[in-house]
Amino acid sequence: MLNLLSRSCIAAGVALVAASAVWAHHSQSEFDFKSVVEVEGNVTKLEWMSPHARLYVDALDEQGRTVNWNFELPSPMTLMRRGWKRNSLKPGDHVKVKGARARHFPDIAYASVIRDGSGNPLFTGVTQIYDPQPPQSSSPK
Amino acid sequence: MKAPAPRTREGKPDFSGIWFANVPAKDYCKEKDCIQEERMAREQINWGINMQGGLPYTEWSKQVMVKRRANGGRDDPHTYCKPPNYPRAWTLPQHTKIIQTPKEMVMLHEFNAAYREVYLDGRPLPVDPNPTWNGYSTGHWEGDTLVIETNGIRDDMWLDIQGSPITESGHVTERLKRTSLGLMKVQVSINDPKAYTKPWSVTIEMALQVDTQMLEEICLDNEQDVKLYQ
């Protein structure tokens with residue numbers, strides 16, 4: 001199942017990070033989609049709860065200290081409709097995660113692409129890519 | 001899916017089923033080979049997204065919307081896991097399940113396992129309704145179209161992510177027409193003199209979802225975004 005999803009994951013994930021703003025079930029202005037983070041480490045937990053599943057990853061920072069990253073994913077409901085299960089990622093799995101950092105929390109990010117240790121795409125956090133501005137406008141109507 | 005709409009034993013169109021916005025899978029893709037699976041109605045962002053000139057905001061409601069939009073999701077009831085409210089709920093990424101009987105239509109919504117009742121038994125709308133998230137809804141038939149009238153909406157409701165308001169003076173008319181087995185058109189008309197200079201209507205298309213079931217999404221289970229809006 002993961003391989004079947006991989007192409008869409010890459011394309012959508014890249015577009016997500018490039019987008020000026022992204023909306024899921026609410027505005028996601030709490031994330032800075034221009035601040036791209038790339039983290040490699042081991043999964044410590046996949047939190048399978050609403051409104052957003054969360055992937056926690058231990059990775060070393062520039063000073064060699066272990067940081068436990070908190071990556072926001074779509075809801076379990078959305079993930080299940082893409083064929084994912086609550087054990088699709090397990091503690092100890094080696095992953096590379098790309099995403100957008102929270103504006104005020106350096107260790108929290110919105111995941112856009114997740115790859116396995118070999119770099120094969122596993123998963124995308126994208127639920128929507130959208131420019132929220134009305135089509136006609138420089139100023140709101 | 002192109003077969004004619006099913007009918008009830010009474011001969012009325014039967015809207016029963018699980019529905020979700022009929023947005024092409026590639027609608028939001030920015031890559032040539034994108035096969036993105038997730039779909040959402042554009043109107044989730046702004047009901048006037050395809051309307052020439054946008055929604056006809058009054059000066060008051062325009063100021064409200066601009067402030068809400070500038071704050072991102074910081075003020076959105078949805079961010080705080082408040083209930084889904086129709087007609088906004090039609091556009092959300094969760095599904096609606098319709099259960100139809102001759103006297104009542106019930107809409108189940110996945111977000112917070114919510115429900116909405118639409119009375120089809122001929123009762124009038126209340127004159128002085130108690131304001132609620134979904135308001136008070138009655139429906140009647142005009143040919144094969146189910147016309148749902150709603151009043152009694154709370155004064156602080158959001159219609160979309162950018163914060164287009166609807167007030168307690170608002171009256172919502174939804175015209176449901178099942179055009180085939182697989183599709184339903186929902187025309188949403190808003191008449192709210194406090195928020196809009198004139199009535200407006202937007203039609204969204206919903207697609208029958210046959211390869212899934214209702215999946216519970218209880219928002220407060222693990223809400224962690226509010227703290228990020230510093």
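None of the figures in this text is laboratory data; all of them are computed from the coordinates on show. Quick caveat: nothing in here was measured; it's all calculated off a predicted structure. FYI the Cβ positions are ideal-geometry reconstructions off the backbone, even for glycines, and counts take in every protein chain you see.
Quick one: of B:Lys62/B:Lys198; A:Lys34/A:Lys96; B:Lys82/B:Lys185; B:Lys97/B:Lys185; B:Lys12/B:Lys185; B:Lys67/B:Lys194, which pairs are farther than 25 Å apart, Cα to Cα? Walk me through the numbers on the way to the answer.
Numbers: B:Lys62/B:Lys198 14 Å; A:Lys34/A:Lys96 19 Å; B:Lys82/B:Lys185 27 Å; B:Lys97/B:Lys185 15 Å; B:Lys12/B:Lys185 16 Å; B:Lys67/B:Lys194 17 Å.
The pairs that break the limit, which is 25 Å between Cα atoms, are B:Lys82/B:Lys185.
Under the definition of partner shielding as Cβ atoms of other protein chains within 10 Å of a residue Cβ, what is the mean value for peptide A:29-38? If you can, show how the numbers build up before the last one.
On the way: counts 8, 10, 3, 0, 0, 0, 0, 0, 0, 0.
Per residue, the average neighbour count from other chains is 2.
Treat each spin label as a single point 7 Å out from the Cα along the C-beta direction, and report the B:Glu10 to B:Ala113 distance in nm.
The modelled label-to-label distance comes out at 3.0 nm.
If the only charges are +1 at each Lys and Arg Cβ and -1 at each Asp and Glu Cβ, what is the size of the charge dipole of chain B around the Cα centre, to the nearest 20 debye? Don't jump to the answer; show the numbers that get you there.
Details: 28 positive and 32 negative charges, 115 e Å.
In total the dipole reaches around 560 debye.
Using +1 at the C-beta of Lys and Arg and -1 at the C-beta of Asp and Glu, which of B:Ala89, B:Gly17, B:Ser201 has the Cα lying farthest in the positive direction of the dipole of chain B?
The listed residue farthest towards the positive side: B:Ser201.
Set Lys and Arg Cβ to +1 and Asp and Glu Cβ to -1, take the dipole of chain B about its Cα centre, and tell me which of B:Ile218, B:Ile148, B:Met51 lies farthest positive.
B:Met51
Within 10 Å of each Cβ in peptide B:90-98, how many partner chain Cβ atoms are there on average? Round it to a whole number, please. Display every interim value, and only then the final one.
Details: counts 0, 0, 2, 10, 6, 2, 0, 0, 0.
For peptide B:90-98, the averaged partner shielding equals 2.
In nm, give the distance between the simple-model label positions of B:Arg175 and B:Gln52, each being 7 Å from the Cα along the Cα-to-Cβ direction.
A separation of 1.9 nm, rounded to one decimal place.
Rounded to whole Hz and in sequence order, give me ³J(HN,Hα) for segment B:172-187 from the Karplus expression 6.51 cos²θ - 1.76 cosθ + 1.60, θ = phi - 60°, writing x for Gly and Pro.
10, 10, 10, 10, 9, 9, 8, 7, 6, 4, x, 10, 9, 9, 10, 8
Find the Cα radius of gyration of segment B:124-228, compare it with 2.2 N^0.38 Å by division, and give the number to two decimals.
The value comes to 1.27.
For a protection proxy built on the mean count of beta-carbon atoms within 10 angstrom, sort A:51-62, A:78-89 highest first, please.
Working: A:51-62: 19.2, A:78-89: 17.3.
Ranking the peptides A:51-62, A:78-89 by packing returns A:51-62, A:78-89.
At 222 nm, what helix-only mean residue ellipticity would chain B give, in deg cm²/dmol to the nearest 500, using -39500 (n - 2.57) for each DSSP H run of four or more? Don't skip to the answer; put the middle values down first.
On the way: 1 runs with 12 residues, N = 230.
So the calculated ellipticity at 222 nm is -1500 deg cm²/dmol.
Tell me, in nm to one decimal, what length is gained between B:Val66 and B:Val210 on full extension, where the rule is 0.36 nm per residue of separation less the Cα-Cα distance?
Working: separation 144, 0.36 × 144 = 51.84 nm, distance 3.88 nm.
48.0 nm is the gain from fully extending B:Val66 to B:Val210.
Which whole number gives the average, over all residues in B:73-79, of C-beta atoms from other chains lying within 10 Å of the residue C-beta? Before the final figure, lay out each step's value.
On the way: counts 8, 4, 1, 3, 1, 4, 6.
Partner Cβ neighbours, averaged per residue: 4.
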